[in-house]
Amino acid sequence: MSDIRDSPARFASDLQSLREEAGRPTIMRLAETAGISKSVVGDALGGQRLPTAKTVERLVTALGADPAPWLERRSELVSPPSVQVVPVAPEQTAGGPTLMGPGTTEGSADAPSPGPEAPVPLPPPITKRRLLTTAAAAALMSAAVTSGIWFGVGQLQTADDPYAGISDGLDPMQTVCRDDAVVAASEMRERETQVQLMYSTSCKAVWGRVTRYDGAAAGNELTMSVYPAVDRDSERGQSVSAYDVQSVYTTLGISPQTSERWCGLATMTADGQTIDLGPELCI
């Protein structure tokens, strides 16, 4: 089932296709049949991250398919390919087994075979003067390395600091904030729609995301807003709306105080009506 271009997003897309083949059961029905929560089902179909092996087994079984090939495919996604180790004769290398890389073949020789073993010279005796000289050199090296480290830290905290330019209104996927982003809150709402709040600890940033699984994205709209809990109309709040999309996320809202609460609201259109996907989702 898998190939070299496989990814969590492709895995989720194929799960959605399997759901279509099974008659498109609702997420609530899938959750009940599989014995897992609605949010876990939504995450598995969303493709933002790879579901656990237990989730894959239960979800695929609930969809009437054999979970074995799906579990094998998931295992290939989470386990990097191993490096082939080829043992060689002792006379070919002094370091033990050889790692085969691109352009090399077993038994290739890039250098002539060594001749008879030469006697290994003994190290010079350790004298008191030599010991003091070595200790002094080590101290100088340590001081130089320490100075270099602190100089590097100072540089990173100024011009090279990847967080220096983080501010309200930036696209989180175009910043380092996405690197440690977590789903801080997630709930399934009306018409199989998932509302989520994301948070980056390093950026102290919040953003919202809404995803619909009703298959009615064409011609319809999704909106999402995030804002400080104490002021829904705050200038720091962020909003987004888009047509003909399955999922949409807001820009960054910076929350420098870790104790500050943020909330989000989403809406969608379907059948000519605007549907409020409340209540507020807060963190």
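Structure above, values below:
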| item | result |
| --- | --- |
| Any hit, segment 196-210, residues being outside the structural domain of ILE27 (by TED's automatic domain parsing), among the basic types (Lys, Arg), surrounded by fewer than 20 Cβ atoms within 10 Å (Cβ to Cβ) and touching a residue at least 24 places away in the same chain (Cβ under 8 Å) | yes |
| Residue that is farthest from the chain's Cα centre (by Cα) [pool: residues in segment 165-204 that are of a type in the set (Ser, Thr, Tyr) and farther than 16 Å from ARG236 by Cα] | THR193 |
| Subset of segment 248-282 [closer than 17 Å to MET188 by Cα and not in a strand (DSSP E or B)] | LEU277, GLY278, PRO279, GLU280 |
| Only listed residue being at pLDDT below 90 and surrounded by 12 or more Cβ atoms within 10 Å (Cβ to Cβ), chosen from ASP43, ASP3, ASP110, ASP14 | ASP43 |
| Residue in segment 25-36 that is within 25 Å of the chain's Cα centre (by Cα), in contact (Cβ under 8 Å) with a residue 60 or more places away in the chain and surrounded by fewer than 17 Cβ atoms within 10 Å (Cβ to Cβ) present | no |
| Selection within segment 13-43 - among the small types (Gly, Ala, Ser) and within 11 Å of TYR213 (Cβ to Cβ) | GLY42 |
| LEU50 vs. criteria assigned to a helix (DSSP H, G or I), surrounded by 14 or more Cβ atoms within 10 Å (Cβ to Cβ) and in contact (Cβ under 8 Å) with a residue 40 or more places away in the chain | no |
| From the options THR250, THR211, THR223, residue that is touching a Phe, Trp or Tyr at 6+ places or on another chain (Cβ under 7 Å) and within 19 Å of GLY46 (Cα to Cα) | THR250 |
| Residue within segment 216-224 that is outside the structural domain of SER255 (by TED's automatic domain parsing), modelled with pLDDT of 90 or more and not in a helix (DSSP H, G or I) present | no |
| Search result, residues across segment 235-247 that are of a type in the set (A, V, I, L, M, F, W, C) and not in a loop (DSSP other than H, G, I, E, B) | VAL240, ALA242 |
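The values are calculated or read from the model by the stated rules, or taken from the named source; none is laboratory data. Being a predicted model, the structure only gives us computed values, none of them experimental. Cβ sites come from the backbone with ideal geometry, for glycine too, and all protein chains shown count toward neighbours.
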